[in-house]
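Single-structure report; data block below.
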Amino acid sequence: MDAYAVLGNPIHHSKSPLIHQLFAEQTQQSLSYEAILVPVDGLAQAVDNFLQAGGCGLNITAPFKQLVYPLMDEVSERARRAGAVNTITFTHAKTITIRNNTLANRPVQKRRGFVAIDHIVTIGSR
């Protein structure tokens, strides 16, 4: 089962686990998605722990979007322009980022025959 999570502080309000679980059920995907409360000074350790545990990807929320940027091995042009990261994909023990959460779902969408769109409104994002 592929493992994903959202890191933040606070994080209890996040609807991401529910949204991702519903998406997984509707597309017959086997994945777990959890919300992880990270201490403000524990971001690097939390990212590394998730990677070492075999995690596939992370979403990043307040207050870490700018703080996680320097931890990345590679960043997309969108992340570079924003100076911030909200999606991390782990590939061959490297961290590769993209800026738009919707793009993170493209591998799942491609496997199931969905077409991702380039413009989307995310309600509640910062």
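Things to note:
Conditions (1) in contact with a Ser or Thr (Cβ under 8 Å, 6 or more places away or on another chain); (2) surrounded by fewer than 17 Cβ atoms within 10 Å (Cβ to Cβ), marked per residue:
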{"site": "His12", "(1), (2)": "no, yes"}
{"site": "His20", "(1), (2)": "no, no"}
{"site": "Gln52", "(1), (2)": "no, yes"}
{"site": "Val75", "(1), (2)": "yes, no"}
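- Candidates are the residues of region 35-45 that are modelled with pLDDT of 95 or more and of a type in the set (Gly, Ala, Ser); the one that is most open to solvent (accessible area, probe 1.4 Å) is Ala35.
- Taking the criterion of being at pLDDT 95 or above and more than 14 Å from the chain's Cα centre (by Cα), the residues of region 1-26 that qualify are Asn9, Pro10.
- Filtered residues of region 22-34 (kept if in contact with a strand residue (DSSP E or B) (Cβ under 6 Å, 6 or more places away or on another chain) and either in a loop (DSSP other than H, G, I, E, B) or open to solvent by 40 Å² or more (accessible area, probe 1.4 Å) (or both)): Ser32, Glu34
- Hits in region 60-69 - residues which are at pLDDT 90 or above and open to solvent by 20 Å² or more (accessible area, probe 1.4 Å): Thr61, Pro63, Lys65, Gln66, Leu67
- Within region 51-68, the set of residues being in contact (Cβ under 8 Å) with a residue 24 or more places away in the chain, outside any loop (DSSP other than H, G, I, E, B) and of a type outside the set (Gly, Ala, Ser) comprises Leu51, Leu58, Asn59, Ile60.
Listed here are the residues, each with its yes/no results for (1) out of contact with any helix residue (DSSP H, G or I) (no Cβ under 8 Å at 6 or more places or on another chain); (2) within 18 Å of Thr89 (Cα to Cα).
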| site | (1), (2) |
| --- | --- |
| Asp2 | yes, yes |
| Leu7 | no, yes |
| Pro17 | yes, yes |
| Leu22 | yes, no |
| Glu25 | yes, no |
| Tyr33 | no, yes |
| Gln45 | yes, yes |
| Cys56 | yes, yes |
| Val68 | no, yes |
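The values are calculated or read from the model by the stated rules, or taken from the named source; none is laboratory data. Bear in mind the structure is a predicted one, so any value in this text is a computation, not a measurement. A quick note on method: Cβ atoms are made from the backbone with ideal geometry, for glycine too, and the neighbour counts reach across all protein chains shown. Surface areas here come from the heavy atoms of the whole protein model, side chains and all, with no ligands, DNA or RNA. Shrake-Rupley method; radii C 1.70, N 1.55, O 1.52, S 1.80 Å.
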